[in-house]
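Trainee: If you scroll down you'll find the structure; I have some questions about it.
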Amino acid sequence: MSHTLVMMVPLKCSVAFIYVLSIWTMGYARSCGGQQALIDELCCDRCRPGEYLKEYCNEHDKTVCSPCAEGFYSEHFNIFDRCEECQSCQHEYAEKCTSTTNAKCSCRSGFLCSNSKCSTCEENKCVAGERVNRTDIPQVGQLIKYSYRCEAACTAHAYFDVKEETCKQRTQCSAFGLAELFPGNKTHNSVCDLHDRSNTILGISFLLLSLCFLAIVSTVCVKNLWKHRASFNTADFPLPKEECGLQLSIPDECKDCSSLDKLHQENVPILCILG
């Protein structure tokens, strides 16, 4: 059946297909080089970057190109009849325009680029503790417009340290048993009432010092009391026999009684022994 369908194809269609294929093959065979363009069946040279096309080539003359005037540029090989105008910057030029490159713009400090070319600028209305959130809005062509929104740089329980340029957690005064004088904000930490804590510490310190002083005084008094009692101990005041008013009892077992008589004669105090 397939053979039957092939035979049914009109002969004119086959001829047309072969003709188109031949034209395409001839055109492909006559393709120009990478830096040339096919113009009126002629391969004309393209103009180099920094130039524009002044006259097309012909059978006798090559392509005529002219350099871009000041304030205009062309970045690529081209067959355009004019150069592109350099963009102007509202604030500053990051790179100046040349014959082969366009200018690049930048904004002063405190401003943001309004589009992808940064040709215009707008004020950055975000304050410390906030960050910029940018939204891209495509426009006709390659230009992209920017829209900005300010949002908090840190979470609800944190603040932005301007010096260190980082987010830090706020101090929770209640966790230390302190009253809160200032709750804190986007750029400042909480402030706790340290006065009450100082009074508490001072009171505890005074109590401890008082107890220490009382312990020292008590120790001194006890030592003096024991010393005073010891001064009335008769063992520390040995008396001679005459003052004692009692008979001196000398055991019979005393082997050196003469020594005792000698001590008595010399009025050396001898302990009274109650017998």
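Trainee: Is the range 34-86 best put as rounded, prolate or oblate by its Cα gyration tensor, with a ≥ b ≥ c the root eigenvalues, rounded for a/c under 1.5, and otherwise prolate when a/b is larger than b/c, oblate when not? Show your work: numbers first, answer last.
Mentor: Working: a/c = 2.92, a/b = 2.06, b/c = 1.42.
Prolate shape, in that a/c is at least 1.5 and a/b is the bigger ratio.
Trainee: Let me ask something additional. Just to verify a number: FRET efficiency for L42 and C126, C-beta to C-beta distance, R0 = 51 Å, to 0.05?
Mentor: On the way: r = 59 Å, r/R0 = 1.16.
Calculated value: 0.30.
Trainee: Quick one: length gained pulling K96 to S66 fully straight, 0.36 nm per residue minus the C-alpha distance?
Mentor: Details: separation 30, 0.36 × 30 = 10.80 nm, distance 2.15 nm.
Using 0.36 nm per residue and subtracting the Cα-Cα distance, I get 8.7 nm.
Trainee: Run the quick spin-label model on A175 and F213: label points 7 Å from Cα toward the beta carbon, then report their separation in nm to one decimal.
Mentor: With each label placed 7 Å out from Cα toward Cβ, I get 3.9 nm.
All of the numbers you see were taken from the coordinates with simple rules; none came from a lab. Quick caveat, the model's predicted, so the values are computed rather than measured. No Cβ is skipped: glycine too gets one built from the backbone with ideal geometry, and neighbour counts run over all protein chains shown.
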